[in-house]
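Report on one structure; see the data block that follows.
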Amino acid sequence: MMQRQWTTFATSGAPLASWPQYDESRRATMVFDEISRVVDDPEREKRIAWEGYDGYRGQSL
């Protein structure tokens, strides 16, 4: 599934319709697993906790 999604993205500029475009209001994220699925704002609590840390935004990994 992941290979199909990335190959489609590489050739057409967009993944398959099952992987919605990301936007900050929904934060839809594709979770690849035995049964892949889209999850809105996964690990929201962790993200919110890190938002208060000055080094969180704009840091390159």
inquiry  = Just to verify a result, which residue in segment 20-46, among those that are more than 9 Å from the chain's Cα centre (by Cα) and hydroxyl-bearing (Ser, Thr, Tyr), is surrounded by the most Cβ atoms within 10 Å (Cβ to Cβ)?
reply    = 36
note = Residues of segment 24-57 being at positive phi and either modelled with pLDDT under 90 or in contact with a Phe, Trp or Tyr (Cβ under 7 Å, 6 or more places away or on another chain) (or both), in sequence order, are none
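The values are calculated or read from the model by the stated rules, or taken from the named source; none is laboratory data. In this text the structure is predicted, and so the values were computed from the model without any measurement. No Cβ is skipped: glycine too gets one built from the backbone with ideal geometry, and neighbour counts run over all protein chains shown.
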